[in-house]
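The values are calculated or read from the model by the stated rules, or taken from the named source; none is laboratory data. As the structure is a prediction and not an experimental result, all values here were calculated from the model. As a convention, Cβ positions derive from the backbone with ideal geometry for all residues, glycine included, and neighbour counts pool all protein chains shown.
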Amino acid sequence: MINKCLFPAAGYGTRFLPATKSMPKEMMPVVNKPLIEYGVEEALEAGMESMCIVTGRGKHTLMDHFDKNYELEHQIEGTNKEILLDDIRRTIDSAQFTFIRQREMKGLGHAVLTGRELVGNEPFAVVLADDLCVNHDGEGVLQQMVKLYKQFRCSIVAVQEVPSSETHKYGVIEGQCIRNDLFRVTNMVEKPEPGTEPSNLAIIGRYILTPDIFDYIEQTDAGKGGEIQITDALLRQAENGCVIAYKFKGQRFDCGSVEGYMEASNHCYKNLYLKDKDIALKQERTEKEVDLAY
């Protein structure tokens, strides 16, 4: 039902300067894999095959990463290093990648609107790659949200509870409780002033959007910070129809901050990298034992 995932990836990543001076923040590695690759894998897990990436100036490495590197592959062909490309090769073969450039940085709402030509007139997902989401005990966040879309057929935003002292960093929702993890949105505020937040439910970088959101964005004036905010467009959509907020299962890391990035790196090293390495070593030992048996 939802085949396309939009990745707004045109921002400067100023919270991570000087590292992002010449490298896109989406290409920053968590252990040995770029942030955006984690996001693409999450979208593939949710059944999406078309990855639509909104880029900006100096972001050509995003395009290069999801393409073949003939020189590198020729150099390591037949060596024990070749296996390190298995994941990205599988990702490239499983998805289609299209790119469009956002010429002016006018906010997340404008970045989503820029992707309209790639998405077309169909529901789509949005992933902000610097929000790394993991769920080792079950389905990924996007897969959870796709199942909800099949039931509600409206825009859905992922939310999590945050301390009141941090609500000023996020878009914050207020809503009618449908069940413990679901709310029908009645209000949304982008980066509320301390003490004015309608709740402690903050929107994180996972969305399912219906195509009429583009019309709402076009009708939305610049808001907080002089930018076109997706939160403002979603509020108008909620007032005229329905928007659902979902408290997802899993863990989210804010990799746009140094603290969140380090937490994500440590978590993925312990829970993904070491486990994968252990599995690979066990497979290698098994293969050697089979060879010796013959």
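Could you look through segment 49-64, keep only residues that are surrounded by 12 or more Cβ atoms within 10 Å (Cβ to Cβ) and charged (D, E, K, R), and pick out the one that is modelled with the highest pLDDT? Steps first, please.
Of all residues in segment 49-64, those surrounded by 12 or more Cβ atoms within 10 Å (Cβ to Cβ) come to 49-56, 58-59, 61-63.
Checking which are charged (D, E, K, R) leaves us with 49, 59.
Working: GLU49: 95, LYS59: 84.
Step by step, filter segment 49-64, then rank; the result is GLU49.
From the list GLU239, GLU197, GLU161, GLU174, which residue is touching a helix residue (DSSP H, G or I) at 6+ places or on another chain (Cβ under 8 Å) and not β-branched (Val, Ile, Thr)?
When all the criteria are applied, what remains is GLU197.
Would you confirm, using the coordinates I've provided, whether LYS25 is out of contact with any Lys or Arg (no Cβ under 7 Å at 6 or more places or on another chain) and loosely packed, with under 14 Cβ neighbours inside 10 Å?
No: the conditions fail for LYS25.
For segment 137-154, which positions are crowded, with 16+ Cβ neighbours inside 10 Å and either of a type outside the set (S, T, N, Q) or more than 22 Å from GLU41 (Cα to Cα) (or both)?
GLU139, GLY140, VAL141, LEU142, MET145, VAL146, LEU148, TYR149, PHE152, CYS154
Are any residues in segment 60-103 aromatic (Phe, Trp, Tyr) and more than 18 Å from the chain's Cα centre (by Cα), and if so, which ones?
Residue satisfying the conditions is TYR70 alone.
Please find, within segment 224-245, the residue that is surrounded by the most Cβ atoms within 10 Å (Cβ to Cβ) out of those that are touching an Asp or Glu at 6+ places or on another chain (Cβ under 6 Å) and in contact (Cβ under 8 Å) with a residue 60 or more places away in the chain.
Within segment 224-245, the match that is surrounded by the most Cβ atoms within 10 Å (Cβ to Cβ) is GLN229.
Looking at segment 90-147 only, could you name the residues that are under 25 Å from LYS249 (Cβ atoms), of a type in the set (Asp, Glu) and at pLDDT 90 or above?
The answer is ASP130, ASP131, GLU139.
Tally up the residues in segment 32-59 that are more than 30 Å from LYS150 (Cα to Cα) and under 19 Å from the mean Cα position of the chain (by Cα), please.
5
Considering every residue within segment 196-205, establish whether at least one is at positive phi, modelled with pLDDT under 95 and surrounded by fewer than 16 Cβ atoms within 10 Å (Cβ to Cβ).
Within segment 196-205, none of the residues are at positive phi, modelled with pLDDT under 95 and surrounded by fewer than 16 Cβ atoms within 10 Å (Cβ to Cβ).
Restricting the search to segment 38-71, which residues are free of Cβ contacts under 8 Å to residues at least 12 places away in the same chain and farther than 28 Å from TYR12 by Cβ? Can you show your working first?
Our first condition is that a residue be free of Cβ contacts under 8 Å to residues at least 12 places away in the same chain; within segment 38-71, this holds for 60, 64, 69-71.
If the condition is that a residue be free of Cβ contacts under 8 Å to residues at least 12 places away in the same chain and farther than 28 Å from TYR12 by Cβ, then TYR70, GLU71 are the ones that fit.
Within segment 76-112, track down each residue that is within 20 Å of MET63 (Cα to Cα) and surrounded by 21 or more Cβ atoms within 10 Å (Cβ to Cβ).
The first filter runs over segment 76-112 and keeps only residues within 20 Å of MET63 (Cα to Cα), leaving 84-105, 111-112.
Result: GLN102, ALA111, VAL112.
Take the conditions part of a loop (DSSP other than H, G, I, E, B), touching a residue at least 60 places away in the same chain (Cβ under 8 Å), surrounded by fewer than 17 Cβ atoms within 10 Å (Cβ to Cβ) and not aliphatic (A, V, I, L, M) and apply them to PRO211. Does it pass?
yes
Somewhere in segment 250-257, is a residue more than 19 Å from the chain's Cα centre (by Cα) and crowded, with 22+ Cβ neighbours inside 10 Å?
No - not one qualifying residue is present in segment 250-257.
Given the criteria buried (at least 21 other Cβ atoms within 10 Å of the Cβ) and of a type outside the set (S, T, N, Q), does ILE178 qualify?
Spelling it out, it is not the case that ILE178 is buried (at least 21 other Cβ atoms within 10 Å of the Cβ) and of a type outside the set (S, T, N, Q).
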